[in-house]
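See structure below.
A short reminder: the numbers here are calculations on the coordinates, not readings from a lab. Given the structure is predicted, the values throughout are model-derived calculations rather than measurements. Cβ coordinates were reconstructed from backbone atoms using ideal geometry, including for glycine residues, and neighbour counts include every protein chain displayed.
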Amino acid sequence: MSRVALVTGGSRGIGRAVAELLATQGHRVAVNYTANEAAADAAVEAIAAAGGSAIAVQADVGDADSVTAMFAVVGERLGSVEILVNNAGITRDALVLRMGVEAWDEVIETNLRSVYLTSKAALRGMLRARWGRIVSISSVSGIAGNPGQANYAASKAGIIGFTKSVAREVGSRGITVNAVAPGFIETDMTDALGDEITTAASERIALGRLGQPEEVAAAVGYLASDDASYVTGHTLVVDGGIAL
Amino acid sequence: MDRSEIESKLNDLLVDELGIDRDALAQDAKFEEDLDVDSLGVVELLMALEDNFGVKIPDEEAEQITTVGEAVDLVEKKLAS
């Protein structure tokens, strides 16, 4: 069944892989971006070239008014959001003793506040339809911790607590709320870490390599599908066996 | 729109959407204690009222609603402003 899906941060990395997968499954996808319009348009074109249906929609997902406006646009152009993928996320790494308040706030706002804002907006329509899927991208950092990422890890752990709570709140209305916790995935975010760190990481990974965005997208695709109708409040770890 | 029209519409929503027994409806009926409507049900009811009457009910005001009468009062107030 074709549904309306919204993927935040859908223009690059894991988000783009998710948007492409959902489109191949026949869903109509809204690809949200914050600044990189060119990347968002490229993602939409790639989806169209593959026979799918997508639009690009700008919003700063940490900002309440921006999220409201985004949902209005998606509502008009595609319809009520049925599948919400909270993927938008940033890092501002620093040891906590050297971490400025702005670095803390920005990460919490973009990564966690956004999840609350978009979920609240999407649940309206999902409650009415008595069907919905909310899948948020957490991280093994949030589960196991990671030096230099106290802000990022806190935001990603926060997503897990939020996911479980909301799952309990709306489960009776046929809405599932889950999270996916990726490990090290080959994207711009890990490219920025440099070879030394990613090589060292590979040694701790059971599968001995970084993951691909498509491998995370597959997990999101499953949770967004009817196959996962009895899975809720769950965090599906996709980390190649690093945080065992 | 007068109060009795709002009340009538609200009662219809309670019966049709939340499956409440029409005989149980009264102005002072409490959603949770008397009508067995859970907190999510009250949220859904207020959303349906917003859609039906074209009004906006902010979160802080929605929190105060515990009875049928209070819901009618709030919609009446929003329609008047």
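Descriptive notes on the structure:
- Of the trypsin sites (Lys or Arg not before Pro) found in segment A:64-160, those in coil by DSSP whose Cβ has at most 14 other Cβ atoms within 10 Å are A:130.
- Residues in segment A:90-99 carry Karplus couplings, in order, of 10, 10, 9, 5, 5, 5, 4, 5, 10, 8 Hz; the curve used is 6.51 cos²θ - 1.76 cosθ + 1.60 with θ = phi - 60°, and Gly or Pro positions show x.
- Value of D in µm² per second that Stokes-Einstein yields for chain A, Kirkwood Rh from Cα pairs, at 25 °C (0.890 mPa s): 138 µm²/s
- Dividing the summed helix terms, -39500 (n - 2.57) for each DSSP H run of n ≥ 4, by the number of residues in chain A produces a 222 nm estimate of -14500 deg cm²/dmol to the nearest 500.
- In segment A:159-244, chymotrypsin sites (Phe, Trp or Tyr not before Pro) in a DSSP loop with at most 11 other beta-carbon atoms within 10 Å: A:230
- Residue-wise HN-Hα coupling along segment A:139-155, computed from phi with Karplus coefficients 6.51, -1.76, 1.60 (Hz; x: Gly, Pro): 5, 5, 4, x, 8, 9, x, 7, x, x, 10, 4, 5, 4, 4, 5, 5
- Set of segment A:13-46 residues, backbone N closer than 12 Å to the point 7 Å along the Cα-Cβ line of residue A:90: A:34-36
- Of the residues B:32, A:82, the one with the fewest other Cβ atoms within 10 Å heads the list, and the complete ranking is B:32, A:82.
- Here is the list for chain B: trypsin sites (Lys or Arg not before Pro) lying in DSSP coil, each with at most 15 other C-beta atoms within 10 angstrom of its C-beta, are B:56.
- Each of B:4, B:81 was scored by other Cβ atoms within 10 Å of its Cβ. Arranged with the fewest first, they read B:81, B:4.
- DSSP bridge analysis restricted to the protein assembly as shown gives an antiparallel fraction near 5%, rounded to the nearest 5.
- The residue A:24 and residue A:206 beta-carbon pair, evaluated with R₀ = 35 Å, returns a calculated FRET efficiency of approximately 0.75.
- Taken over the Cα atoms of chain B, the convex hull encloses 80 Å³ per residue.
- When its C-alpha radius of gyration is set against 2.2 N^0.38 Å (N residues), segment A:112-163 gives a value of 1.33.
- Interchain or long-range residues, amide H under 5 Å from residue B:31's placed H: B:67, B:68
- Of B:53, A:71, the sequence from fewest to most neighbouring Cβ atoms within 10 angstrom is B:53, A:71.
- Interchain or long-range residues, amide H under 5 Å from residue A:55's placed H: A:29, A:30, A:31
- Nonlocal amide H pairs with residue A:235, under 5 Å, H built at 1.01 Å: A:179
- C-alpha long axis of helix A:64-77 to longest principal axis of chain A, angle in °: 50 degrees
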